[in-house]
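Asker: Structure provided below as structure tokens; questions to follow.
We did not get these values from a lab; they are worked out from the coordinates using the rules stated. On a predicted model such as this, the values are computed, not experimentally measured, just so you know. No Cβ is skipped: glycine too gets one built from the backbone with ideal geometry, and neighbour counts run over all protein chains shown.
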Amino acid sequence: LQEEKISVILIPAMQRAIHLTKDFQAFLQVRTVFKSIQPDVVATHSSKAGVIGRIVGSLLRIPTVFTAHSWSFTEGVPQKKQVLYYRMEKSVQRFTTKIITVSDYDRELALMKKVAPAHKLLTIHNGIAPIDSHSSTEKTYMEQPVIVMVARFEVPKRQDLLLEVLAELTDVPWQLQLIGDGSLRPALEEFVAQHNLTDRITFLGDQFDVHSYLEKSDVFVLLSDWEGLPISIIEAMRIGLPIVATNVGGVKELVVDHDNGFLVEREDKELLKQRLHHLLMDATLSKKMGNASERRYLQHFTFTPMYQKTLMVYQQAVSELVKKGD
């Protein structure tokens with residue numbers, strides 16, 4: 001953003017966890033910033049920033065748009081957290097002009113839970129810009145097919161589930177690359193060492209050029225306990241990879257089971273093992289599903305439609321406030 005000469009203002013008190021003192025400080029700091037720059041519309045993301053941003057915006061008579069990348073009360077989230085964030089989201093609905101959900105799943109969940117009326121809710125699927133995914137040599141299925149997972153080593157991502165299943169597939173050729181970092185990584189590295197898999201599994205840490213690793217991979221896996229509409233899967237589809245993922249949130253809007261990949265339910269290790277075995281041993285199926293992924297990306301998940309629809313929502317939010325005479 002700074003390279004594009006777009007100003008970036010940090011809010012020191014803003015943090016992920018709930019902390020009443022710091023949250024009130026963040027409220028005051030955000031209000032000061034809004035008063036200073038006098039925006040036409042406030043776009044908020046994530047539960048904490050979404051709550052504070054919408055309350056401040058509403059109090060200052062600025063239209064607010066909240067993008068729900070995944071509701072914190074979605075299925076799979078711990079029950080206590082579900083209840084807390086559901087009540088929080090319900091309470092700030094009246095401060096919200098429009099809500100963008102990144103999947104139809106999340107829109108239907110919001111309607112079912114009566115978080116907001118239908119006229120405030122609109123699904124805009126995530127989209128990313130196309131790139132020349134075939135700039136290098138044509139992808140060939142190697143003797144040791146490469147599986148890749150891109151995710152932080154934190155809840156709700158489940159690298160542990162993938163490692164447990166692969167530990168039972170040692171008679172099948174594969175290599176695994178794990179991109180990401182986080183607090184759960186040391187325990188998983190220990191698991192790999194204990195199961196003598198260090199020659200087959202590589203921990204790559206955080207990477208800026210994920211695309212280059214995806215280009216050299218054969219199968220993409222994401223086994224989250226909950227999701228919105230994962231950008232990481234869209235990136236893998238853009239490169240033309242078959243996807244194996246848990247059937248949570250909006251994932252089924254990206255992955256059509258048995259078409260561009262396989263969907264498995266949470267904790268279904270046996271089916272996950274079967275699906276991975278099938279893809280690893282059938283290069284023709286893998287290529288067919290990969291081609292389907294790329295087609296599906298080009299048809300539904302490119303950047304421009306997302307951008308145009310999002311801009312339209314911001315314009316609608318401003319127009320609604322003008323109609324009210326504010």
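Asker: Cα-Cα pairs above 28 Å in the chain: how many percent?
Answerer: Details: 24777 of 52975 pairs.
Result for the distance tail: 47 percent.
Asker: What dipole magnitude, in Debye to the nearest 20, does the chain give about its Cα centre under +1 on Lys/Arg Cβ and -1 on Asp/Glu Cβ?
Answerer: Working: 38 positive and 39 negative charges, 413 e Å.
About 1980 debye.
Asker: When only C-alpha pairs under 8 Å and at least 6 residues apart count, what is the relative contact order of segment 40-191, in percent? Walk me through the intermediate numbers first.
Answerer: Numbers: 180 pairs, mean separation 24.8, N = 152.
For segment 40-191, the relative contact order is 16 percent.
Asker: Just how large is the dipole of segment 244-284 about the Cα centre, in debye to the nearest 20, putting +1 at every Lys and Arg Cβ and -1 at every Asp and Glu Cβ? Walk me through the numbers before you get to the answer.
Answerer: On the way: 5 positive and 8 negative charges, 25 e Å.
Roughly 120 debye, rounded to the nearest 20.
Asker: Also: Would you kindly derive the ³J(HN,Hα) couplings of segment 255-267 from the backbone phi angles with the Karplus curve 6.51 cos²θ - 1.76 cosθ + 1.60 (θ = phi - 60°), listing them in order in whole Hz, with x for Gly and Pro?
Answerer: 10, 8, 4, 6, 10, 10, x, 10, 9, 10, 7, 3, 6
Asker: For segment 196-300, what is the relative contact order in percent, using Cα pairs closer than 8 Å and at least 6 residues apart in sequence? Walk me through the numbers on the way to the answer.
Answerer: Working: 147 pairs, mean separation 28.6, N = 105.
Taking the mean separation of contacting Cα pairs over the length of segment 196-300, I get 27 percent.
Asker: As a check on your grasp of the helix formula, calculate [θ] at 222 nm for the chain: sum -39500 (n - 2.57) over DSSP H runs of n ≥ 4, divide by the residue count, round to the nearest 500.
Answerer: Working: 12 runs with 143 residues, N = 326.
Calculated at 222 nm, the ellipticity per residue is -13500 deg cm²/dmol.
Asker: Sticking with this one: Please sort through the DSSP H helices of the chain and keep those with an alpha-carbon extent of at least 24 Å along the long axis and a Kyte-Doolittle average not below -0.5. Provide the component values of the computation, followed by the final result.
Answerer: On the way: long enough: 20-37 (26 Å, 0.32); 283-300 (25 Å, -1.19); 303-323 (30 Å, 0.02).
In the chain, the long hydrophobic H runs are 20-37, 303-323.
Asker: If you build a Gaussian network model of the chain, linking Cα atoms that sit under 10 Å apart, which residue out of Ala116, Ala236, Ala167 swings the most?
Answerer: Largest GNM mean-square fluctuation: Ala167.
Asker: For segment 215-236 and segment 277-326, what is the centre-to-centre distance using only Cα atoms, to the nearest Å?
Answerer: Comparing the Cα centres of segment 215-236 and segment 277-326, I get a distance of 14 Å.
Asker: With the Cα gyration tensor of segment 121-263 in hand, convert its eigenvalues to equivalent ellipsoid semi-axes via √(5λ) and list them largest first in whole Å. Can you show the working numbers first?
Answerer: Values: eigenvalues 112, 72, 42 Å².
The answer is 24, 19, 15 Å, longest axis first.
Asker: May I ask you to list the lysines whose Cα is less than 27 Å away from that of Lys309, ignoring any residue fewer than eight positions away on the same chain?
Answerer: Lys5, Lys48, Lys90, Lys98, Lys113, Lys114, Lys120, Lys252, Lys323, Lys324
Asker: Ratio of alpha-carbon Rg to the 2.2 N^0.38 Å globular estimate for segment 50-107, to two decimals, please. The partial results should precede the final answer.
Answerer: Working: Rg = 11.9 Å, N = 58, 2.2 N^0.38 = 10.3 Å.
Dividing the Cα radius of gyration by 2.2 N^0.38 Å gives 1.15.
Asker: If you build the convex hull over the alpha carbons only and average its shadow over all orientations, what do you get for segment 7-160? Give it in nm² to one decimal.
Answerer: On the way: hull surface 52.5 nm².
The orientation-averaged projected area of the Cα hull of segment 7-160 comes to 13.1 nm².
Asker: Where does the Debye-calculated log10 I(q)/I(0) of segment 200-288 sit at q = 0.14, 0.19, 0.21, 0.22 Å⁻¹, using only Cα point scatterers of equal weight, no solvent?
Answerer: Treating every Cα as an identical point scatterer, log10 I(q)/I(0) equals -0.48, -0.91, -1.10, -1.20.
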